[in-house]
Amino acid sequence: MLPGGTVKKTDATPEDALRREAAEEAQLTLTDPVRLGWVLDQTGEVYGGVGPNARLRLAARVTAIEPTAVDPATGRPLARMLATPAQAAALLGWGPPGERQAQLAAETARERWGLPAARAAAIEEIPAEGMRLSCSNARPSSSRPMHL
């Protein structure tokens with residue numbers, strides 16, 4: 001899964017919900033979220049089978065990766081992985097809609113934030129202690145381009 005979830009009453013916008021959920025679930029600090037579009041959820045199973053609904057998809061630039069913490073929603077820490085947008089879409093089994101979202105996320109990273117195209121590489125787990133990002137293009141200290 002990627003960080004995200006339901007907009008709560010304390011969230012003024014979906015972008016605020018993304019920032020909150022990324023901090024709670026993955027200990028990420030995000031900036032400049034961008035709406036990529038919507039994906040149809042035919043069943044709404046994650047919401048108790050409410051039926052068809054649309055889910056907003058966003059991309060944002062990661063500015064900090066803090067040490068692993070317990071997710072308040074699940075009561076356990078979640079594994080955090082570095083992957084290209086295309087790799088994430090494939091791992092999550094999102095099919096053609098996910099492939100298009102991954103493409104839009106990569107285009108947004110390049111056009112809006114000046115980040116280089118993510119090259120396919122081995123998917124890495126983020127260390128429990130977090131990672132230091134450089135100021136230049138928000139890359140991890142390993143200098144591998146980071147797109148989550």
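Does G130 count as at pLDDT 85 or above, on the phi > 0 side of the Ramachandran plot and surrounded by 16 or more Cβ atoms within 10 Å (Cβ to Cβ)? For G130, the condition - at pLDDT 85 or above, on the phi > 0 side of the Ramachandran plot and surrounded by 16 or more Cβ atoms within 10 Å (Cβ to Cβ) - is met.
Quick check on P14: is it over 22 Å from M131 (Cβ atoms) and not aromatic (F, W, Y)? The answer is yes for P14.
One line per residue, one yes/no per condition, for (1) open to solvent by less than 70 Å² (accessible area, probe 1.4 Å); (2) of a type outside the set (G, A, S); (3) more than 18 Å from G5 (Cα to Cα); (4) at pLDDT 90 or above:
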| residue | (1), (2), (3), (4) |
| --- | --- |
| R57 | yes, yes, no, yes |
| D71 | yes, yes, no, no |
| R80 | yes, yes, no, yes |
| T84 | yes, yes, yes, yes |
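Hey, does segment 86-99 have a residue that's within 16 Å of the chain's Cα centre (by Cα), within 21 Å of A121 (Cβ to Cβ), of a type in the set (D, E) and not in a strand (DSSP E or B)? Yes, that holds for at least one residue. The set of residues from segment 24-81 being touching a residue at least 60 places away in the same chain (Cβ under 8 Å), charged (D, E, K, R) and not in a loop (DSSP other than H, G, I, E, B) comprises D32, R61.
Hey, can you tell me all the residues within segment 11-28 that are open to solvent by 50 Å² or more (accessible area, probe 1.4 Å) and at positive phi? None - no residue of segment 11-28 is open to solvent by 50 Å² or more (accessible area, probe 1.4 Å) and at positive phi, so the list stays empty.
The values are calculated or read from the model by the stated rules, or taken from the named source; none is laboratory data. The structure presented is a predicted model; accordingly, all values stated were derived computationally and were not measured. FYI the Cβ positions are ideal-geometry reconstructions off the backbone, even for glycines, and counts take in every protein chain you see. Accessible surface areas use protein heavy atoms only, side chains included; no ligands, DNA or RNA. Shrake-Rupley method; radii C 1.70, N 1.55, O 1.52, S 1.80 Å.
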